[in-house]
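Q: Below you will find the structure I want to go over with you.
The values are calculated or read from the model by the stated rules, or taken from the named source; none is laboratory data. Since we're looking at a predicted model, the values are computed, not measured. As a convention, Cβ positions derive from the backbone with ideal geometry for all residues, glycine included, and neighbour counts pool all protein chains shown.
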Amino acid sequence: MKPLRPQIAQLQSSKIRDVANAGMGRDDVLAFWFGESDQVTPEVVRQAAIESMQKGETFYTHNLGLPELRQAIAHYTGTLHPHQASLTHDRISVTSGGVSALMLAMQAILGAGDECLVVTPIWPNLIAQPKILGADVRTFSLQPVNGLWQLDVDALLRCITPHTRLLVLNSPNNPSGWTLTRDEQQAILQHCRRTGTWILADEVYERLYYGDAPCAPSFLDLAQPDDALMVAHSFSKSFLMTGWRLGWLVTPASLTDTVGKLIEFNTSCAPVFAQRAALAALAHTSQITPPLVDHLRTCRDTLVRLLNDIPGVQAAAAPAGMYVFFKLPGFDDGVELAKRLVSEAGLGLAPGEAFGDTSKGWLRWCFASKDLGRLEEGVERLRGWLKAPLSQP
Ligand SMILES: Cc1ncc(COP(=O)(O)O)c(C=O)c1O
């Protein structure tokens with residue numbers, strides 16, 4: 001038997017899964033390890049999918065998605081980012097989840113040996129995906145300052161050279177909530193224009209923003225239509241649609257046909273009933289997303305306050321996202337700590353190691369909980385475990 005490609009043979013399983021698998025099936029574990037809300041998709045969205053199925057919409061669609069959905073996404077983007085008011089559907093590709101949008105973007109730009117620079121800590125898929133393609137993946141780390149992660153933008157720019165084919169950024173960031181400022185985006189965009197580097201901006205958390213605006217700063221607020229920029233989006237987080245597997249990619253119009261071809265060879269198209277549901281989600285955005293964000297802000301503030309009440313624990317409120325990313329003093333191995341928390345405290349958190357080397361020992365807690373009582377119970381379990389004599393590192 002011929003061996004697997006080395007890049008695939010060396011692929012590591014997600015460390016979030018490693019911890020979660022250790023606790024799966026135990027109904028006494030309070031799990032906050034995955035990045036999703038425990039609220040079901042709004043009724044109006046589910047109903048649209050049911051109607052689509054009942055009408056018999058069970059066939060393939062256009063590779064790039066239903067034309068009306070691509071138009072609705074273009075309109076939504078233009079409303080959220082007035083700089084893109086004239087954006088049209090020919091820059092939009094509908095994909096099977098944000099994760100597929102990211103993979104398609106990378107497939108379009110990266111081949112074996114191509115240099116790809118990824119800003120970490122970051123959601124593990126964004127490191128694994130370019131590795132699967134055989135790219136030469138390099139990382140640049142944010143640095144923690146008083147519990148929040150920050151970017152040294154000049155140092156980052158020094159790492160982006162004409163050899164850098166693709167820069168991958170995720171802002172607002174999973175796991176840290178770090179969010180690029182407009183000035184930082186401007187500096188990065190200008191620099192990448194000079195080096196000819198493509199930017200892949202993962203902005204799936206843009207609406208889960210707790211600043212004074214309906215969304216986080218986006219590269220789309222600055223870019224020209226033909227800039228070498230691809231922005232990945234998802235219905236998962238802002239519309240409570242993780243299980244539907246629907247996202248989209250904004251690219252220069254000149255790339256859209258290529259993305260369409262790649263979609264054909266990856267998934268052919270997103271399921272039509274999910275696309276109908278997405279149309280309903282966009283039509284009801286104002287009833288879905290702002291109340292969700294208000295609730296998430298309350299969740300974030302509650303969790304941060306409760307964690308900071310535990311002696312010795314410091315947790316900071318990030319400006320965006322659905323996570324508190326924090327460190328317990330004295331514990332330097334996050335995987336071991338997270339496994340112990342599962343088995344000894346019945347508390348499921350994700351280890352910082354999953355997101356890169358520089359966040360070793362950190363823990364990610366997803367606070368997207370419908371019931372604030374779950375968060376309170378989780379913190380109580382942590383407090384009790386820390387007090388127990390056997391909990392020492
Ligand atoms: C940073 C980031 N990007 C993309 C995704 C993909 O989302 P989905 O594939 O559910 O649309 C996630 C999911 O957790 C994420 O955290």
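Q: Just for region 35-56: of the residues that are more than 17 Å from GLN287 (Cα to Cα) and part of a helix (DSSP H, G or I), which one is farthest from the ligand (Cβ to nearest atom)?
A: Selected residue: GLN54.
Q: Please count how many residues of region 240-270 are farther than 23 Å from TYR205 by Cβ and in contact with a Lys or Arg (Cβ under 6 Å, 6 or more places away or on another chain).
A: So the answer is 1.
Q: Same structure again: So, of the residues in region 318-337 that are over 13 Å from CYS366 (Cβ atoms) and small (Gly, Ala, Ser), which turns out to be farthest from the chain's Cα centre (by Cα)? First the steps, then the outcome.
A: Within region 318-337, the first condition is being over 13 Å from CYS366 (Cβ atoms), and the residues that meet it are 319-320, 327-337.
Applying the additional criterion that residues be small (Gly, Ala, Ser) yields 320, 330, 334.
Numbers: ALA320: 11, GLY330: 29, GLY334: 20 Å.
The qualifying residue farthest from the chain's Cα centre (by Cα) is GLY330.
Q: On to the next question. Which residue pairs have Cβ atoms under 7 Å apart, sit 6 or more places apart or on different chains, and have a first residue in region 120-134 that is touching a residue at least 12 places away in the same chain (Cβ under 8 Å) and among the basic types (Lys, Arg) and a second that is more than 10 Å from the ligand (Cβ to nearest atom) and part of a helix (DSSP H, G or I)?
A: Short answer, once both residue conditions are applied: LYS131/GLN7.
Q: I've got another one for you. Considering only residues that are away from the ligand (no atom under 16 Å from the Cβ) and buried (at least 16 other Cβ atoms within 10 Å of the Cβ), look in region 226-242 and name the one that is farthest from ALA108 (Cα to Cα).
A: Residues of region 226-242 away from the ligand (no atom under 16 Å from the Cβ): 226-229.
Now restrict to residues that are buried (at least 16 other Cβ atoms within 10 Å of the Cβ): 227-229.
On the way: ASP227: 15, ALA228: 12, LEU229: 12 Å.
Residue satisfying both the conditions and the ranking: ASP227.
Q: Another question, if that's okay. Within region 243-258, restricting attention to residues that are away from the ligand (no atom under 16 Å from the Cβ) and either hydroxyl-bearing (Ser, Thr, Tyr) or part of a helix (DSSP H, G or I) (or both), which residue is surrounded by the fewest Cβ atoms within 10 Å (Cβ to Cβ)?
A: Taking region 243-258 and keeping what is away from the ligand (no atom under 16 Å from the Cβ), we get 251-258.
Okay, now just the ones that are also either hydroxyl-bearing (Ser, Thr, Tyr) or part of a helix (DSSP H, G or I) (or both), so 251, 253-258.
Working: THR251: 26, ALA253: 14, SER254: 11, LEU255: 23, THR256: 19, ASP257: 13, THR258: 15.
If we take residues in region 243-258 being away from the ligand (no atom under 16 Å from the Cβ) and either hydroxyl-bearing (Ser, Thr, Tyr) or part of a helix (DSSP H, G or I) (or both), then SER254 is surrounded by the fewest Cβ atoms within 10 Å (Cβ to Cβ).
Q: Of everything in region 1-34, what is outside any loop (DSSP other than H, G, I, E, B), more than 30 Å from GLY111 (Cα to Cα) and of a type in the set (A, V, I, L, M, F, W, C)? Give them in sequence order. Working first, answer last.
A: Our first condition is that a residue be outside any loop (DSSP other than H, G, I, E, B); within region 1-34, this holds for 6-9, 15-23, 30-31.
In the following step, the residues that additionally are more than 30 Å from GLY111 (Cα to Cα) were identified as 19-23, 30-31.
Within region 1-34, VAL19, ALA20, ALA22, LEU30, ALA31 qualify.
Q: Looking at region 259-294, which of its residues are in a loop (DSSP other than H, G, I, E, B), within 15 Å of ALA72 (Cβ to Cβ) and within 16 Å of the ligand (Cβ to nearest atom)? Full working, then the answer.
A: At the first step, the residues of region 259-294 found to be in a loop (DSSP other than H, G, I, E, B) are 267-271, 284.
The next check asks that each one be within 15 Å of ALA72 (Cβ to Cβ); those that pass are 270, 284.
Listed by number, the list holds a single entry, ALA270.
Q: Next question, about the same structure. Among the residues of region 82-96, count how many are in contact with a Lys or Arg (Cβ under 6 Å, 6 or more places away or on another chain) and surrounded by fewer than 24 Cβ atoms within 10 Å (Cβ to Cβ).
A: 2
Q: May I pose another question? Of all strands (runs of 3 or more DSSP E) completely enclosed by region 86-186, which ones contain at least 1 residues that are at pLDDT 95 or above and closer than 27 Å to ALA316 by Cβ?
A: Numbers: elements: 92-95, 115-120, 136-141, 143-145, 148-150, 164-170.
Per the criteria, 115-120, 136-141, 143-145, 148-150, 164-170.
Q: Also, I was wondering about something else. For ALA74, all conditions in the list (1) closer than 20 Å to ALA223 by Cβ; (2) surrounded by fewer than 20 Cβ atoms within 10 Å (Cβ to Cβ); (3) without any contact (Cβ under 8 Å) to a residue 24 or more places away in the chain hold save one; what is the number of the exception?
A: (2)
Q: Another question, then. Looking only at residues that are of a type in the set (Val, Ile, Thr) and in contact with a Lys or Arg (Cβ under 7 Å, 6 or more places away or on another chain) in region 170-212, which one is surrounded by the most Cβ atoms within 10 Å (Cβ to Cβ)? Write out each step before concluding.
A: Initially, region 170-212 is screened for residues of a type in the set (Val, Ile, Thr), giving 179, 181, 188, 195, 197, 199, 204.
Filter once more, keeping what is in contact with a Lys or Arg (Cβ under 7 Å, 6 or more places away or on another chain): 197, 204.
Details: THR197: 22, VAL204: 27.
Top of the filtered list is VAL204.
Q: Is there a residue being touching a residue at least 60 places away in the same chain (Cβ under 8 Å) and of a type in the set (Gly, Ala, Ser) anywhere in region 34-44?
A: First, pick out the residues of region 34-44 that are touching a residue at least 60 places away in the same chain (Cβ under 8 Å): 34-42, 44.
Remaining after also requiring of a type in the set (Gly, Ala, Ser): 35, 37.
Within region 34-44 (the criterion being touching a residue at least 60 places away in the same chain (Cβ under 8 Å) and of a type in the set (Gly, Ala, Ser)), the answer is yes, since at least one residue qualifies.
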